[in-house]
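In what follows, a single structure is set out as structure tokens and then discussed.
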Amino acid sequence: AEMVIVDECDRACGDAWKHLFRHYFRGRRRYGLSGTPYDPEKPVEAVVVQEHLGSIIFKVSREHLTDIGRIIPCNYKSIVVGMDGDIHEASTYDIAYNDYMTNNSEFHQLVAQLCLRCKKAEGDGTLVIVDREQLGHNLMAAINAVGLKASFIYGKTSQRHCNEELRKFERRESDVLIGGKIINRGLDLKGGCENLI
């Protein structure tokens, strides 16, 4: 190949990329695309990405992308769940995640109620992103229990079933689509979604 184009190039800093650029790719043109090419909190990764792909040669502002309709302006809200700032709380991350999110029915009900509130108008769709399989199943049950139609797709979901659920959500035959890492990055949804949790 004479050219390589890397989408979400901020992720192009692992060993597989190192071998690709140092040993396998001999072409002259390397291009990377990313909304966040260099993360200031990850300076080492930023240097590696720059080594692999070079300097930024073209930028487009967020305002311009909003003006031409490629980015939709967002309204962000945050909710604190569980204990906050207890100096004696010493749970490991995994235990705390399980206790306060995965196995916490109050949290599941909170998310279900948020989805219900987000369903302001016919045609509004809510995307919920999780990073644990069991949490996805628990949230799907809680959201379905409040009368919304929710589905969950993740790594073990067959490609056929995954595509079916994506099309249902795009047609708004389901109100809520819950997804793991499979939809966390690089997913194109026709019509997008109105709410993201």
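The values are calculated or read from the model by the stated rules, or taken from the named source; none is laboratory data. The model shown is predicted, which means the values in this text are computed figures rather than measured ones. Here the Cβ positions follow ideal geometry from the backbone for every residue, glycine too, while neighbour counts run over all protein chains shown. For the accessible areas, the whole protein counts, side chains as well, though only heavy atoms, and no ligand, DNA or RNA atoms are used. Shrake-Rupley method; radii C 1.70, N 1.55, O 1.52, S 1.80 Å.
Selection of segment 14-36 for residues being open to solvent by less than 70 Å² (accessible area, probe 1.4 Å) and more than 19 Å from the chain's Cα centre (by Cα) yields Gly14, Lys18, Leu20, Phe21, Phe25, Gly27, Gly32.
From the set of residues in segment 166-197 that are closer than 17 Å to Leu139 by Cα and open to solvent by 60 Å² or more (accessible area, probe 1.4 Å), which is modelled with the lowest pLDDT?
Let us first name the residues in segment 166-197 that are closer than 17 Å to Leu139 by Cα, namely 169, 174-184, 195-197.
Subsequent filtering for residues that are open to solvent by 60 Å² or more (accessible area, probe 1.4 Å) retains 181-182, 184, 196-197.
On the way: Lys181: 75, Ile182: 71, Asn184: 60, Leu196: 89, Ile197: 92.
Across segment 166-197, the extreme among qualifying residues is Asn184.
Among the criteria (1) out of contact with any Asp or Glu (no Cβ under 7 Å at 6 or more places or on another chain); (2) farther than 30 Å from His108 by Cα; (3) open to solvent by 90 Å² or more (accessible area, probe 1.4 Å), the one Cys9 does not fulfil is (3). Just one of (1) of a type in the set (D, E, K, R); (2) under 25 Å from Met101 (Cα atoms); (3) over 19 Å from the mean Cα position of the chain (by Cα) fails for Arg171. It is (2). Restricted to helices (runs of 4 or more DSSP H) entirely inside segment 1-98, those with at least 1 residues that are touching a His at 6+ places or on another chain (Cβ under 9 Å) and under 29 Å from Asp188 (Cα atoms) are 15-19. Among the residues of segment 70-91, write down those that are at positive phi and touching a residue at least 60 places away in the same chain (Cβ under 8 Å). Residues satisfying the conditions do not exist here. The condition of being among the hydrophobic types (A, V, I, L, M, F, W, C) and under 24 Å from the mean Cα position of the chain (by Cα) holds for only one of Ile56, Ile68, Ile87, that being Ile68. Please verify whether Lys181 is touching a residue at least 24 places away in the same chain (Cβ under 8 Å), within 25 Å of Ser105 (Cα to Cα) and out of contact with any helix residue (DSSP H, G or I) (no Cβ under 9 Å at 6 or more places or on another chain), treating the condition exactly as stated. So Lys181 fits the description; yes. Among residues of segment 117-134 that are open to solvent by less than 30 Å² (accessible area, probe 1.4 Å), those with a Cβ under 9 angstrom from a residue that is assigned to a loop (DSSP other than H, G, I, E, B) and aromatic (Phe, Trp, Tyr), sequence gap 6+ or separate chain, pair up as Val130/Tyr154.
What are the residues in segment 92-115 that are farther than 10 Å from Asn138 by Cβ, free of Cβ contacts under 8 Å to residues at least 24 places away in the same chain and either open to solvent by less than 80 Å² (accessible area, probe 1.4 Å) or of a type in the set (A, V, I, L, M) (or both), if any? If the condition is that a residue be farther than 10 Å from Asn138 by Cβ, free of Cβ contacts under 8 Å to residues at least 24 places away in the same chain and either open to solvent by less than 80 Å² (accessible area, probe 1.4 Å) or of a type in the set (A, V, I, L, M) (or both), then Thr92, Ile95, Ala96, Asn98, Tyr100 are the ones that fit. Within segment 139-178, the set of residues being out of contact with any Cys (no Cβ under 8 Å at 6 or more places or on another chain), in a loop (DSSP other than H, G, I, E, B) and touching a residue at least 24 places away in the same chain (Cβ under 8 Å) comprises Gly147, Lys149, Tyr154, Gly155, Thr157, Arg172, Glu173, Ser174. Identify all residues within segment 37-62 that are surrounded by 10 or more Cβ atoms within 10 Å (Cβ to Cβ) and farther than 20 Å from Asp15 by Cα; write none if there are none. Result: Ile56, Val60, Arg62. Summed over segment 76-126, the residues that are farther than 30 Å from Arg172 by Cα and touching a helix residue (DSSP H, G or I) at 6+ places or on another chain (Cβ under 6 Å) give a count of 1.
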